[in-house]
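Colleague: A single structure is presented below for examination.
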Amino acid sequence: MDPDRIVAVFGSPRRRGNTATLLEAAVEGALSVGARVDRLVLRDLKIAPCLEIYGCRVDGECRIRDDFQAARDRILEAGGIMLASPIFYYAVSAQVKILMDRCHSLWVKRRWVEKAEAAAPRPRRRGLFVAAGATRGRRLFEGALLSVRCFFDTLDCDLWKSLLYRELEHEGEAAARPELLAEARRAGAELARLLRETAPAGDETGR
């Protein structure tokens, strides 16, 4: 796990949607303070839904072979995670949900294969979640946040900060709000600094 590396997971079905625009601003912020950022665009990957066959109970490896394995490894190599998703029916996008479900193999590996509940604590990552929804609903983000917290925990990651924006629907609306882009850039830079400052002692990658 490299504290100077952040994986940015673009979870929108639109390449230039509002969450993609905001996440790119956060990436710019992280890069501005020296972090290395690996962009993971889910819409460009072929990741099938979980079939719940529990082949992963053997050794923690998902039996469906596709782009998931490479995406998983890129996520696990990073010290920090940025995840962005639009809100669909008070939840994350289908692309993000498929990734979440396939990562259940990691939970199975830890809890059932390695019996990690009795092992020493693992180093924790930190994560940023960026979401945008079209409505003004008071509970608009509750479902997505619950899923993201559980997903991050499976990745040994704490949800450090969430940037949640209402009334953003059509492409280009976030780009027209410089205050939102500035907030995202600050969050990206803050996350990168925090990861470096809290890198375990003796970790040669922490500078």
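Taken together, the values in this text are just the output of simple stated rules run on the coordinates, not laboratory data. Here the structure is a predicted model, which means the values were calculated and not measured. Cβ coordinates were reconstructed from backbone atoms using ideal geometry, including for glycine residues, and neighbour counts include every protein chain displayed.
Colleague: Would you mind computing Rg(Cα) / (2.2 N^0.38 Å) for segment 58-126, counting N as its residues?
Modeller: On the way: Rg = 13.7 Å, N = 69, 2.2 N^0.38 = 11.0 Å.
The reported ratio for this selection is 1.25.
Colleague: Compute the Rg/Rh shape ratio of segment 34-96: radius of gyration over Kirkwood radius, all on alpha-carbon atoms.
Modeller: On the way: Rg = 13.7 Å, Rh = 13.7 Å.
When Rh is taken as the Kirkwood radius, the ratio is 1.00.
Colleague: So for each of 5-13, 91-99, 142-150 I average, over its residues, the number of other beta carbons within 10 Å; can you give me the resulting order with the highest mean first?
Modeller: Output ranking for 5-13, 91-99, 142-150: 5-13, 91-99, 142-150.
Colleague: Follow-up question, since we're still on this one. Give me the distance between the Cα centres of segment 11-50 and segment 121-152, rounded to whole Å.
Modeller: First find each Cα centre; the distance between them is then 15 Å.
Colleague: Once you put a point 7 Å from the Cα of V41 and another 7 Å from the Cα of I53, both along the Cβ direction, what distance in nm separates them?
Modeller: 3.1
Colleague: Please give the FRET efficiency for R63 paired with R14, using the beta carbon to beta carbon distance and R0 = 41 Å, rounded to the nearest 0.05. Intermediate values should be presented prior to the final figure.
Modeller: Values: r = 31 Å, r/R0 = 0.76.
The calculated FRET efficiency here is 0.85.
Colleague: How many times 2.2 N^0.38 Å is the alpha carbon radius of gyration of the chain?
Modeller: Details: Rg = 16.8 Å, N = 207, 2.2 N^0.38 = 16.7 Å.
Taking N as the residue count of the chain, the ratio is 1.01.
Colleague: Same structure, new question: Please report, for the Cα atoms of segment 3-124, the Rg to one decimal and the Dmax as a whole number; what are they, in angstrom?
Modeller: Expressed in Å, the Cα Rg and Dmax of segment 3-124 come to 15.5, 44.
Colleague: Next question. Which distance in nm do the two modelled labels at K161 and R177 give, with both placed 7 Å along the Cα-to-Cβ direction?
Modeller: The modelled label-to-label distance comes out at 1.6 nm.
Colleague: Short version: ³J(HN,Hα) in whole Hz for each residue of segment 78-94, in order, from phi by Karplus 6.51 cos²θ - 1.76 cosθ + 1.60 (θ = phi - 60°), x for Gly and Pro, what are they?
Modeller: 8, x, x, 10, 10, 10, 10, 8, x, 9, 10, 6, 6, 9, 6, 5, 4
Colleague: While we're on this one: May I ask you to compute the full-extension gain from R149 to R124, defined as 0.36 nm times their residue separation minus their alpha-carbon distance, rounded to one decimal in nm? Walk me through the numbers before you get to the answer.
Modeller: Working: separation 25, 0.36 × 25 = 9.00 nm, distance 1.32 nm.
Once the chain is fully extended between R149 and R124, it gains 7.7 nm.
Colleague: If R0 is 22 Å, what FRET efficiency do you get for R193 and D101 from their C-beta distance, rounded to 0.05?
Modeller: So, using R0 = 22 Å, E works out to roughly 0.10.
Colleague: May I pose another question? To check you understand DSSP bridge types, tell me what percent of the beta bridges within the chain (both residues inside) are antiparallel, rounded to 5. Walk me through the intermediate numbers first.
Modeller: Details: 1 of 28 bridges.
Bridges in the chain that DSSP calls antiparallel: roughly 5 percent.
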